[in-house]
Amino acid sequence: MSTPANLPLSIVIPVYNEELNLPTLFARLYPVLDALGRRYEIIFTNDGSADRSIELLRAQYAARPDVTRVIDFNANYGQHMAIMAAFERVRGDIIVTLDADLQNPPEEIPKLLEKMDAGHDYVGGYRLNRQDSFFRTKASKIINFVREKTTSIEMTDQGCMLRAYSRAVIDAIVRSGAINTFIPALAYSFAGNPAEVGVKHEERHAGVSNYSFYSLIRLNFDLITGFSIAPLQYFTMFAMACCAGSGLFVFVLAIRRVFFDYTAAEGLFTLFGVLFFLMSVALFGIGLIGEYVGRTYQVVRARQRYHVKEMLETK
């Protein structure tokens, strides 16, 4: 269960192999938050980093124990699970998520807080003048397009981590018990008055992105299958069209064979081609159904989603 709210602001930052970025993040983030004039906390979740990230986080906790909390996972469970672990422990009335790679500058946090103070319960950032590679930019646009066509979720930039949430939305996310879900989209479904704001985007300060092409595909599957059954409906309609087309094609082949005496070999190879196509369609459908069944299995078995090895905090 979530800790009762007693702070105006909580900052949630997942960390995975960010030892090159953390010193600069500390140097920029804390002054920004100190200047706000609000009581705050920063929760770092070390997601099984293999570098010196946890040592740097321990040192930062020792330097600022009044506002710093550290969750240390025993293994890598993924960015969104790291965020969920922090959500379950936040104390703030407003919760802001931020990446550790400094592509979303901490100096942009006041923009989100201004929107939240205006009465919104969820504020999503969208990146202005993106500094990502051509591949990352185009892949994000494709994912955005697919999401728009398969769900009712309206977000300009679903890949931007810089977002602000009200305590009510965070509590709803935690109570949902969602597994392998896309948190910004889940928050949108619970928000009553969402908004968006443009934020600056910088080149990654150091290191390389932890998101591969495979990770982007997995994220898209989680987003689509977690919030819509449209893929199943699309596949059903496609299968019906294939059945109708295949029946018509077999009828045409029969007419040609009877009235025009085409060779049996030609018809045989054509049927092989149709058969292989239909088999590929069937296999795709099995995989799609398996994605939904797998998500259901993960929920009903109620297995622990992550394990916290160590928690650094001042009570």
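The values are calculated or read from the model by the stated rules, or taken from the named source; none is laboratory data. Owing to the predicted nature of the structure, the values given are computational and were not obtained by experimental measurement. Neighbour counts are summed over all protein chains in view; Cβ atoms, including those assigned to glycine, are modelled from backbone coordinates with ideal geometry.
So, in the stretch 56-76, of the ones that are of a type in the set (A, V, I, L, M, F, W, C) and in a loop (DSSP other than H, G, I, E, B), which residue ends up nearest to GLU41 (Cα to Cα)?
If we take residues in the stretch 56-76 being of a type in the set (A, V, I, L, M, F, W, C) and in a loop (DSSP other than H, G, I, E, B), then VAL67 is nearest to GLU41 (Cα to Cα).
Taking the stretch 100-109, which residues are surrounded by 20 or more Cβ atoms within 10 Å (Cβ to Cβ) and not in a helix (DSSP H, G or I)?
Answer for the stretch 100-109, where residues must be surrounded by 20 or more Cβ atoms within 10 Å (Cβ to Cβ) and not in a helix (DSSP H, G or I): ALA100, ASP101, LEU102, GLN103, ASN104.
Out of everything in the stretch 85-113 that is closer than 18 Å to ILE183 by Cα and of a type in the set (S, T, N, Q), what residue ends up being nearest to the chain's Cα centre (by Cα)?
Checked the stretch 85-113; the qualifying residue nearest to the chain's Cα centre (by Cα) is THR97.
Collect the residues in the stretch 32-55 that are outside any loop (DSSP other than H, G, I, E, B) and either surrounded by 19 or more Cβ atoms within 10 Å (Cβ to Cβ) or in contact with a Pro (Cβ under 9 Å, 6 or more places away or on another chain) (or both), keeping them in residue-number order.
VAL32, LEU33, TYR40, GLU41, ILE42, ILE43, PHE44, THR45, ASN46, SER53, ILE54
Just wondering, is there one or more residues in the stretch 77-97 that are out of contact with any helix residue (DSSP H, G or I) (no Cβ under 6 Å at 6 or more places or on another chain), surrounded by fewer than 16 Cβ atoms within 10 Å (Cβ to Cβ) and either in a loop (DSSP other than H, G, I, E, B) or of a type outside the set (D, E, K, R) (or both)?
Checked the stretch 77-97: no residue is out of contact with any helix residue (DSSP H, G or I) (no Cβ under 6 Å at 6 or more places or on another chain), surrounded by fewer than 16 Cβ atoms within 10 Å (Cβ to Cβ) and either in a loop (DSSP other than H, G, I, E, B) or of a type outside the set (D, E, K, R) (or both).
Between a residue in the stretch 46-68 that is in the same structural domain as ALA86 (by TED's automatic domain parsing) and farther than 12 Å from LEU22 by Cα and any residue that is part of a helix (DSSP H, G or I) and aliphatic (A, V, I, L, M), which pairs come within a Cβ distance under 6 Å, given they are 6 or more apart or on different chains?
What qualifies is ASP47/ALA82.
Conditions (1) touching a helix residue (DSSP H, G or I) at 6+ places or on another chain (Cβ under 7 Å); (2) of a type in the set (Gly, Ala, Ser); (3) modelled with pLDDT of 70 or more; (4) part of a helix (DSSP H, G or I), marked per residue:
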{"position": "LEU248", "(1), (2), (3), (4)": "no, no, yes, yes"}
{"position": "LEU253", "(1), (2), (3), (4)": "yes, no, no, yes"}
{"position": "ARG257", "(1), (2), (3), (4)": "yes, no, no, yes"}
{"position": "GLY267", "(1), (2), (3), (4)": "yes, yes, no, yes"}
{"position": "PHE272", "(1), (2), (3), (4)": "no, no, no, yes"}
{"position": "LEU278", "(1), (2), (3), (4)": "yes, no, yes, yes"}
{"position": "PHE284", "(1), (2), (3), (4)": "no, no, yes, yes"}
{"position": "LEU288", "(1), (2), (3), (4)": "yes, no, yes, yes"}
{"position": "TYR292", "(1), (2), (3), (4)": "yes, no, yes, yes"}
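Find all pairs meeting these conditions: Cβ atoms under 6 angstrom apart; at least six residues apart or on different chains; first residue within the stretch 110-134 and over 16 Å from PRO184 (Cα atoms) and part of a helix (DSSP H, G or I); second residue at pLDDT 90 or above and not acidic (Asp, Glu).
Every condition considered, the pairs that remain are LYS111/VAL197; LYS115/VAL123; LYS115/ALA195; LYS115/VAL197.
Kindly list the number of the only condition in (1) modelled with pLDDT under 70; (2) surrounded by 13 or more Cβ atoms within 10 Å (Cβ to Cβ); (3) assigned to a helix (DSSP H, G or I) that fails for ILE217.
If we test ILE217 against (1) modelled with pLDDT under 70; (2) surrounded by 13 or more Cβ atoms within 10 Å (Cβ to Cβ); (3) assigned to a helix (DSSP H, G or I), just (2) comes out false.
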